[in-house]
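The values are calculated or read from the model by the stated rules, or taken from the named source; none is laboratory data. From a predicted model like this one, the values you see are computed outputs, not experimental measurements. Because the Cβ atoms are built from the backbone with ideal geometry, glycine has one as well, and the counts that use them run over all protein chains shown. Side chains are part of the model used for accessible areas, which takes the heavy atoms of the whole protein and leaves out ligands, DNA and RNA. Shrake-Rupley method; radii C 1.70, N 1.55, O 1.52, S 1.80 Å.
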Amino acid sequence: SLAGTTATVSIPGQSANTLVEYYAFSSMMSGLSADFSLYTLEFNNDGGNNFSYSIGTPPPPTIGWANLQWPPNGTINPGQSFTVYGQVYLAGVTDAPGQGAEIQAWVGWSNTDTEPATWTNWTPANFNVDVGNNDEYFADLGAAIPQSGTYYYATRFQYQSQDFVYGGFNGGFWDGTNNVSGELNVPPVIPLSNWSFVIFGLLLLTFLFIKIRK
């Protein structure tokens, strides 16, 4: 398009890893499609080198959202099953049907309520279902807990070899304030010998209560 002595042209978009070369010229002819130089009045071709620019490779997509979906807390006996769910979203990957390619997932735990990035205990999670544009994963945390105590858990996701991201309950990336770790209580198991003592004590109290009432 020409406005006075200034002309403007838009070069169409090109694919990645493309070198685009161009130069500018003016002519009295319209609709030129070949033999441009025969009709050129003036031109600027960068001293015969042509001007150029390169189309680079777009960066890979990154995980845009992840959470600890459910449950926020729980209580189990040692060795009892405790299934934890988490969801992840990556544009162009998880919004396709089925499991998104090249995504890995874990559920981790710690006996201190600290940042999940510092934890060392992580159990691989399996794909569960599509939830809208998200992919949901799950893992049995109960099988990984070694003994009684109070534990904190969160999710971890990775796309290709990118940095890990961590999910908190249940609004998004773990931040320790709005999106936090879940809490799991595993009470100690009372040995059978102790139960015998407890039962004996209850019977004795019952006997004394009856004697007092008489």
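Overview of values
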{"quantity": "Matching option when the condition is modelled with pLDDT of 90 or more and either within 30 Å of Leu184 (Cβ to Cβ) or in contact with a His (Cβ under 7 Å, 6 or more places away or on another chain) (or both), among Gly56, Gly79, Gly86", "calculated": "Gly86"}
{"quantity": "Conditions (1) among the hydrophobic types (A, V, I, L, M, F, W, C); (2) touching a Ser or Thr at 6+ places or on another chain (Cβ under 6 Å); (3) closer than 30 Å to Gly149 by Cα; number of the one not met by Ile55", "calculated": "(3)"}
{"quantity": "Of residues in segment 153-194 being in a loop (DSSP other than H, G, I, E, B) and acidic (Asp, Glu), the one least open to solvent (accessible area, probe 1.4 Å)", "calculated": "Asp175"}
{"quantity": "Verdict on Val20 being closer than 30 Å to Pro59 by Cα and surrounded by 10 or more Cβ atoms within 10 Å (Cβ to Cβ)", "calculated": "yes"}
{"quantity": "Filter result for Gly13 (open to solvent by less than 60 Å² (accessible area, probe 1.4 Å) and under 42 Å from the mean Cα position of the chain (by Cα))", "calculated": "no"}
{"quantity": "Residue check, Thr150 outside any loop (DSSP other than H, G, I, E, B), exposed (fewer than 14 other Cβ atoms within 10 Å of the Cβ) and touching a Leu at 6+ places or on another chain (Cβ under 9 Å)", "calculated": "yes"}
